[in-house]
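Let me begin by presenting the structure, written as structure tokens, before commenting on it.
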Amino acid sequence: MTEQEMIEKLSFTLKPSRFKHSLGVRDTAVLLAKHYGADCEKARLAGLLHDCAKNMAFEDSIKYCRENHYRLKEVCFFEPTLIHAPLGSLMAQREYGVTDPEVLDAIYYHTTGHENMPLLTKIIYLADTIEPNRTQAGVEQLRVTAFESLDEALIRAIDATVRHIINKGGILDTDTVAARNYLITERKNVEK
Ligand SMILES: [Fe+2]
Ligand SMILES: [Fe+2]
């Protein structure tokens, strides 16, 4: 499938604001990939498709996973917004013909992160948070930090997510905690 075909399919599948966000993440991911020496094409593809499952209804998501014998982590059933990331990875494969495991992993982990993330996954996580359509408090500073220190920006982005989840009384995915702990341990090792 060409990028143009993917864009067309996304424009039918996603709400307009989500579609715009996807293009923003694609472009920001490419800028970060260029800056940090990652593969720009992979960043472009993962950025474009990362939310491809975002506007699927909960029941349809569960049905789609079941039909494809795709096991979801238990936390997804308590925090349904988490489903679109693993489901997006499956759909990128089945509906958009993506086969690259690095791209599929970056999509899979774009909401939670995980321990010791590869560069591409870090880039997609951060691009999702700082793309030009985002307006949350502190995003402008985070955009600057993202190009100075990827890991520092990631820690701040994860902290903001964790605070948000705690404030609304939600459940933290253990991968998010592991992602954060790993990055902070690394930072402490550098400081030593
Ligand atoms: Fe997402
Ligand atoms: Fe997103």
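Could you tell me whether Ala106 is away from ligand 1 (no atom under 12 Å from the Cβ) and crowded, with 23+ Cβ neighbours inside 10 Å?
no
Filter segment 115-141 for residues that are surrounded by fewer than 18 Cβ atoms within 10 Å (Cβ to Cβ) and within 15 Å of ligand 1 (Cβ to nearest atom); which is modelled with the lowest pLDDT?
Ranking the candidates gives Gln136 first.
Only residues that are in a helix (DSSP H, G or I) and open to solvent by 80 Å² or more (accessible area, probe 1.4 Å): list them for segment 151-177, please.
Arg156, Arg163, His164, Ile166, Asn167, Thr174, listed by residue number.
Could you check Thr112 against (1) part of a helix (DSSP H, G or I); (2) within 15 Å of ligand 1 (Cβ to nearest atom); (3) within 24 Å of Asn133 (Cα to Cα); (4) open to solvent by less than 50 Å² (accessible area, probe 1.4 Å) and say which number it fails?
Thr112 satisfies every listed condition except (1).
Could you tell me whether Glu102 is more than 14 Å from the chain's Cα centre (by Cα) and either part of a loop (DSSP other than H, G, I, E, B) or more than 16 Å from ligand 2 (Cβ to nearest atom) (or both)?
no
Restricting the first residue to segment 34-59 and requiring it to be open to solvent by less than 60 Å² (accessible area, probe 1.4 Å), which pairs with a second residue that is among the small types (Gly, Ala, Ser) and more than 12 Å from ligand 1 (Cβ to nearest atom) meet a Cβ separation below 7 Å and a spacing of at least six or different chains?
If the second residue must be among the small types (Gly, Ala, Ser) and more than 12 Å from ligand 1 (Cβ to nearest atom), the pairs left are Cys40/Ala33; Ala43/Ala29; Ala43/Ala33; Ala46/Ala29; Gly47/Ala29; Leu49/Ala92; Cys52/Ala92; Ala53/Ser61.
Looking only at residues that are surrounded by fewer than 13 Cβ atoms within 10 Å (Cβ to Cβ) and not hydrophobic (A, V, I, L, M, F, W, C) in segment 178-192, which one is nearest to Asp159 (Cα to Cα)?
Asn181
Taking the options Val30, Val75, Val25, name whichever one is within 18 Å of the chain's Cα centre (by Cα), under 28 Å from Lys168 (Cβ atoms) and open to solvent by 10 Å² or more (accessible area, probe 1.4 Å).
That would be Val75, the only listed residue that is within 18 Å of the chain's Cα centre (by Cα), under 28 Å from Lys168 (Cβ atoms) and open to solvent by 10 Å² or more (accessible area, probe 1.4 Å).
The values are calculated or read from the model by the stated rules, or taken from the named source; none is laboratory data. Keep in mind that what you see is a predicted model, and the values were worked out from it rather than measured. Counting neighbours? That spans all protein chains shown, and the Cβs are built from the backbone with ideal geometry, glycine included. SASA here: full protein model, heavy atoms, side chains in, ligands and nucleic acids out. Shrake-Rupley method; radii C 1.70, N 1.55, O 1.52, S 1.80 Å.
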